[in-house]
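Here is the structure we will look at, set down as C-alpha cells.
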Amino acid sequence: MKKVSLSFIVLLIAIFSELGLRFVGIGNFPIYQIDPQIGYIPAPHQSGKFLQKNKWAFNDKSMGVAERFQGSEKLDLLVIGDSLVYGGNPYRQDEKLGPQLQKKLGSSYQVWPVGAPSWGFLNEKEYLERHPEVIAEIDGMIWVFNSGDFQDRSQWWTDATHPRAKPICLGYYVLNKYLLEGNLKSTFPAFLFWVKEPAPFSTKLIDQEIESFGEKMQELKANHFKKRLIVFYPNIMEEELPSNDRYESLSLRLEERAKAAGALFFDLRKSPHWKGSDYRDGIHPTAEGYETMAAEVANQLGRE
C-alpha cells in the first residue's frame, strides 16, 4: 500500500510539474525545419510568447517579424546572420536587432531580419540562394558575421537547442535542455543521416569560405542594391583583448572582399561606443547592447 501511495504522489508531482511548466510558458518557443543544405531554419508562420512575456514571430519566409514578406515602396532591407540577428528566447521581439534597427531607421525603411542560432556563412548563403524572390524584392542587405562563422555550415544536432516539434513531455525537455545541457541527443524520432559534429578548426576551410563570400558579394553586386553593408561583430574576449591577430586578419579579409564588390564594411570592435558591458554573455548583446549596435549600423548606412 505504501508503494502504491508513493507512486501516486510521484505521479501527481509529475503531472502538476508538467502543468506548471506549461502554465508559465517555458514551452512556448519556436520550432525548426531541418535539411542537409540549410541545416535548420525557424519554421515559417509561427508566433508565441516565451514565459508569457517575450513575444516572438516568424513570417512566411522564416523572417523574425510577424508581417508577411513583400516588397514595398519603402527601402526594404534584409538583415541576415546567426543568433545575433535571430535574438532568441531571452529577448522580447522589440529588443532584437531587426526591430531595434527599424526604430533607428524610421518609417522610410522596412527591415526584414532572418537568422538562426549558430548559423554560419554557408547556412546564410543557402538561404539567399533558396529565396531569389526575396533578393528580387529587397533594396539592400546587411550581413552580420562573427569570427566563428567560417567553419562549414551548421547542421541540426539536438532538439534541446533546435526543437523540431513541441515536446510531448515538457518536463523531460526542460530536464534535457537546462540540467543535462542537451546531452540526450533527441527527444523525438530523429532523421540523423546528415547530422555531423562541428568541423574541426581548419585554416584551409576558412580560406575557402572567405573566397566564396567574396564571390557571393560580387554576384549580389549585379542586383544594384541601394544599400549593402557587412558588419563584423566581436565576441567579448575579442572586444576586451587589446589585440587579436586572428580576428583582425578575418576583419581585414572580409573588408577587402566587401569593398571589392562596392559594399560598405563595419567592424563593430572599432566603435568607441561598443564596450564589454554591452554583452549579456560571451557573445550575445544585452537589449541595450542591441540598441547600441542598431544605432551604429544605422549610422553606417547613412554613409552611402
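Please treat every number below as a calculation from the coordinates, not as lab data. Since we're looking at a predicted model, the values are computed, not measured. Reconstructed Cβ throughout: ideal geometry from the backbone, glycine too, with neighbour counts over all protein chains shown.
Taking a straight line from the alpha carbon of LYS55, these aspartates and glutamates sit under 17 Å away, with near neighbours fewer than eight places off in the same chain left out: GLU67, ASP94, GLU95. Amide H contacts for MET141 (H built 1.01 Å from N in the peptide plane; partners 5 or more residues away or on another chain; cut-off under 5 Å): LEU78, LYS227, ARG228, LEU229. By the count of other C-beta atoms within 10 Å, a proxy for reagent exposure, LYS61, LYS204 are ordered fewest to most as LYS204, LYS61.
Straight-line cross-link reach from LYS204 at under 20 Å between alpha-carbon atoms covers these lysines, not counting any fewer than eight positions away in the same chain: LYS125, LYS196, LYS216.
Once a ≥ b ≥ c are taken as the square roots of the eigenvalues of the Cα gyration tensor of the range 93-183, is the result rounded (a/c under 1.5), prolate (a/b larger than b/c) or oblate (a/b not larger than b/c)? Kindly include the intermediate steps, with their values, before the conclusion.
Numbers: a/c = 2.31, a/b = 1.68, b/c = 1.37.
Prolate shape, in that a/c is at least 1.5 and a/b is the bigger ratio.
Spin-label pair ARG68-THR203: with each label point 7 Å from Cα along the Cα-Cβ axis, the two points sit 5.2 nm from one another. In order along the range 136-142, phi translates into HN-Hα couplings of 5, 9, 7, 9, x, 8, 10 Hz, rounded to whole numbers, per the Karplus curve 6.51 cos²θ - 1.76 cosθ + 1.60 with θ = phi - 60° and x for Gly and Pro.
The lysines whose alpha-carbon is closer than 19 Å to the alpha-carbon of LYS104, local same-chain residues fewer than 8 away aside, are LYS74, LYS96, LYS226, LYS227.
Here the scattering of the range 221-291 is modelled by Debye summation over its C-alpha atoms, one equal scatterer each and no solvent; at q = 0.20 Å⁻¹ the log10 of I(q)/I(0) is -0.87.
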